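Structure first, commentary second.
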């Protein structure tokens with residue numbers, strides 16, 4: 001006999017081919033995707049804010065090297081806690097209410113940063129925004145996946161990463177003209193807008209059915225799809241490839257380019273952010289045609305090549321015996337550019353742009369899909385929570401210790417280590433990851449169960 005939950009949800013999992021496709025589902029996806037947009041803005045905020053805080057005049061807090069590293073990294077600790085909390089909330093409070101709740105620490109955190117007079121207020125605000133990031137990074141993909149239909153599973157699933165990188169780019173662009181306080185004020189806007197819009201959206205039909213609320217589920221399906229018949233269960237979120245070094249690049253983009261002696265580090269950061277948005281959009285469009293494995297392997301190969309080239313840049317410009325063995329990524333750059341660094345500035349920017357494009361094409365959006373495709377409905381909250389927790393702990397490790405890694409291994413060694421991890425990711429994809437394009441979730445589950 002079929003379990004009660006499975007019995008209730010079965011009618012929503014196999015739609016007739018003639019089922020109409022409602023347009024309001026795209027509005028609901030946009031509302032939920034404002035969470036990842038806020039998440040991306042919070043991640044990108046530290047890149048322009050750290051240089052701005054270094055120049056801040058009293059009574060505003062001023063960052064030294066250690067405080068700057070904590071300012072960039074503490075958001076990931078909050079996100080790790082948010083991943084655990086989100087995993088608990090998403091199965092108990094529901095997808096919609098969890099998204100509404102995550103707007104509170106977003107707005108509160110940026111408000112605390114705006115009013116900061118002491119260092120603890122800056123760090124506390126970053127911790128709160130990190131908590132919200134962890135919840136949003138887990139719940140938004142779950143909500144989106146459960147209201148999307150199979151034909152656009154890859155496209156809408158990739159919107160999560162697209163909105164994250166758009167938020168990062170927004171922070172870079174705004175940081176070009178706004179100092180850190182006004183930048184924090186701007187950070188309150190996307191979550192506030194999400195709160196207002198999500199209030200008008202329904203809970204996902206699948207979650208309502210697991211709560212035995214069949215009438216509410218049918219009403220939600222009618223609102224979203226224009227029919228009481230739903231679609232095959234689509235994708236849920238997953239983690240980034242953190243050990244590739246991508247978080248260090250996003251958090252410290254400006255200071256990395258300053259270390260590379262690039263003339264206009266702010267402009268370089270904006271270029272990198274723009275490339276990430278464009279290539280994430282391309283990945284979203286071709287995801288359901290090219291397949292997951294091909295994009296992951298291609299992405300990994302590009303990242304290996306570009307990280308190696310960026311390391312080569314540092315080796316050529318800073319690898320001489322006259323250079324100090326101590327390099328601090330977060331320290332202000334006071335040396336005049338050398339002839340070698342000026343002549344090879346194109347290599348630094350080109351390598352970073354290629355690395356970002358490669359990440360955006362595969363290892364950025366696809367893990368959000370793959371992890372969801374292999375997790376059955378009844379363990380989504382717990383399993384995705386574990387993934388988000390491990391994701392953000394790795395992000396903290398990379399972000400907090402990247403400057404120490406640059407010091408111990410020197411900059412070229414740090415980027416060559418990132419290239420080594422990218423090589424491992426390519427091998428892992430080739431030998432361990434199955435292709436899920438065009439397969440039903442039942443077929444994917446059967447594959448992992450050896451049936």
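The values are calculated or read from the model by the stated rules, or taken from the named source; none is laboratory data. No experiment lies behind these values; they were computed from the predicted model shown. Cβ: placed from backbone, ideal geometry, glycine included. Neighbour counts: every protein chain shown.
Couple of notes before you dig in:
- In the stretch 389-436, the residues that are in contact with a helix residue (DSSP H, G or I) (Cβ under 7 Å, 6 or more places away or on another chain) and without any contact (Cβ under 8 Å) to a residue 12 or more places away in the chain: 409
- Across the stretch 268-306, the qualifying residues are those that are modelled with pLDDT under 85, in a helix (DSSP H, G or I) and out of contact with any helix residue (DSSP H, G or I) (no Cβ under 8 Å at 6 or more places or on another chain), and the one among them that is surrounded by the fewest Cβ atoms within 10 Å (Cβ to Cβ) is 289.
- Positions within the stretch 168-206 being crowded, with 24+ Cβ neighbours inside 10 Å, modelled with pLDDT under 90, within 24 Å of the chain's Cα centre (by Cα) and farther than 15 Å from residue 40 by Cα, in sequence order: 204
Each row is one residue, and each column tells you yes or no for (1) surrounded by fewer than 21 Cβ atoms within 10 Å (Cβ to Cβ); (2) modelled with pLDDT under 85; (3) in a helix (DSSP H, G or I).
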position: 341; (1), (2), (3): no, yes, yes
position: 364; (1), (2), (3): no, yes, no
position: 372; (1), (2), (3): no, yes, yes
position: 418; (1), (2), (3): no, no, yes
position: 423; (1), (2), (3): yes, no, yes
position: 428; (1), (2), (3): yes, no, yes
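- Applying a threshold of 8 Å to beta carbon distances and a minimum spacing of six or more residues, or different chains, the list of pairs starting in the stretch 274-289 at a residue that is touching a residue at least 60 places away in the same chain (Cβ under 8 Å) and at negative phi and ending at one that is outside any helix (DSSP H, G or I) and crowded, with 20+ Cβ neighbours inside 10 Å reads 276/364; 280/364; 280/365; 283/362; 283/364; 283/365; 284/365; 287/365.
- From the options 99, 63, 53, residue that is buried (at least 22 other Cβ atoms within 10 Å of the Cβ), over 23 Å from residue 172 (Cβ atoms) and in contact with a helix residue (DSSP H, G or I) (Cβ under 9 Å, 6 or more places away or on another chain): 99
- The stretch 67-94 residues that are on the phi > 0 side of the Ramachandran plot, paired with ones that are part of a helix (DSSP H, G or I) (beta carbon under 9 Å, 6 or more apart): 94/207; 94/208
- Candidates 124, 86: the one that is buried (at least 19 other Cβ atoms within 10 Å of the Cβ), out of contact with any strand residue (DSSP E or B) (no Cβ under 7 Å at 6 or more places or on another chain) and in a helix (DSSP H, G or I) is 86.
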